[in-house]
Amino acid sequence: MRKIKDLDWSNLGFQYRSCDSRYVSHYKDGAWDEGALTDDPNVVINECAGVLQYCQECFEGLKAYETVNGDIVCFRPELNAKRMADTAAYLCMPPFPEDRFLTALDMVVKANLEYVPPYGSGASLYIRPYMFASGPVIGVKPSDEYMFRIIAMPVGPYFKGGFKPISIMVSDFDRAAPRGTGHIKAGLNYAMSLHAHEVAKEAGYPENMFLDPKEHRYVEETGGANFYFISADGSTFVTPKSDSILPSITRRSLVYVAEHMLGLKVEERRIELSEIGQFSECGLCGTAAVISPVGVVNDHGKDIVFGKGLEDAGPVTKKLYETLTGIQLGKIEAPCGWIHKIA
């Protein structure tokens, strides 16, 4: 039987905790080294490192779970490897090989098995692969040296209260620029959302609804998750289509679940803010939260309420959540290739 750390698994919160091991690999002289596990949680870099001067950095997020039959698995990690490689290339960074990404992931999870929360706890092992420019740069150009690392930590739900409806507000700020970097998973995009997030927090909302940066008419995403909506009759799953939002792996999976497992119609299209009141349900989706129901969207003092508001999630959202988490936890048969078994 697997040995497990003595933690209060049901009250972890979503925050950093140092585990025993992490993975690190260095890029220098045009190649990545072999990489290895280390027990040192500290990073030492030059004072003029490219990440500090010009924000050359990207990251991913995924989770490891204990399934109903005791396996330790990750959910579609090859998509994280591919997305990170695409992001790195866009930022003029040397992509970390996708096969080595998966090998390093396995190494980190196996080295920290005691931190994988037990099945049924509602918690998971959050895994953060990241890469940054470690070589010194002062002229505006890509660095010549980089570091790739994977860290892991046990976490609880992203939003306090777990799977319960939240209220969000329409933001007056942009998180991305037209033809900018909104479609890649880079720290600079999240830095752009911090001020807007604090403004929302001061107003009593845990998240923003960002609109498109060109016309400010169309729904885009929050600071860290994609949106979806359910039609008034409950038959159609609708999600925003835009070149300036991050292509969420969770959203991509929900599109498949909605169409092929729940029999819903699926629409990926531009969604005007003026039309969202016609939908019966609204939700956020992403690795950290999986799905967070949205009960109310406040548009400059006007509340747009979905279903029962903050009282309860809608029936389609509940089914989407139960199906996706059921796949992740081994209670429902997964589509081919979705589950990556580690131990």
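The values are calculated or read from the model by the stated rules, or taken from the named source; none is laboratory data. Quantities reported herein were computed from a predicted structural model and do not represent experimental measurements. Quick reminder, even Gly has a Cβ in these numbers, built from the backbone with ideal geometry, and neighbours come from all protein chains shown.
Here are some notes:
- Test: residue in region 180-196 that is of a type in the set (Ser, Thr, Tyr), at pLDDT below 95, assigned to a helix (DSSP H, G or I) and surrounded by 18 or more Cβ atoms within 10 Å (Cβ to Cβ): yes
- Residue match in region 34-49 (condition: closer than 28 Å to ALA191 by Cα and crowded, with 20+ Cβ neighbours inside 10 Å): yes
- Leading residue by the ranking (farthest from ASP303 (Cα to Cα)) among those in region 167-179 that are of a type in the set (A, V, I, L, M, F, W, C) and assigned to a loop (DSSP other than H, G, I, E, B): ALA177
- For GLY139, the conditions (1) over 30 Å from ASP29 (Cβ atoms); (2) among the small types (Gly, Ala, Ser); (3) surrounded by fewer than 16 Cβ atoms within 10 Å (Cβ to Cβ) all hold with the exception of (1).
- Count of residues meeting criterion [buried (at least 17 other Cβ atoms within 10 Å of the Cβ), acidic (Asp, Glu) and part of a loop (DSSP other than H, G, I, E, B)] in region 214-235: 1
- Wholly within region 1-120, helices (runs of 4 or more DSSP H) carrying at least 2 residues that are in contact (Cβ under 8 Å) with a residue 12 or more places away in the chain and of a type in the set (A, V, I, L, M): 77-90, 98-111
- Within region 121-150, the set of residues being within 19 Å of the chain's Cα centre (by Cα), of a type outside the set (A, V, I, L, M) and not in a strand (DSSP E or B) comprises just one member, GLY122.
- For region 209-240, residues that are within 16 Å of PHE306 (Cα to Cα), touching a strand residue (DSSP E or B) at 6+ places or on another chain (Cβ under 9 Å) and not hydrophobic (A, V, I, L, M, F, W, C) total 6.
- Enumeration of residues in region 149-178 that are touching a Pro at 6+ places or on another chain (Cβ under 7 Å) and under 27 Å from VAL43 (Cα atoms): ILE150, PRO154
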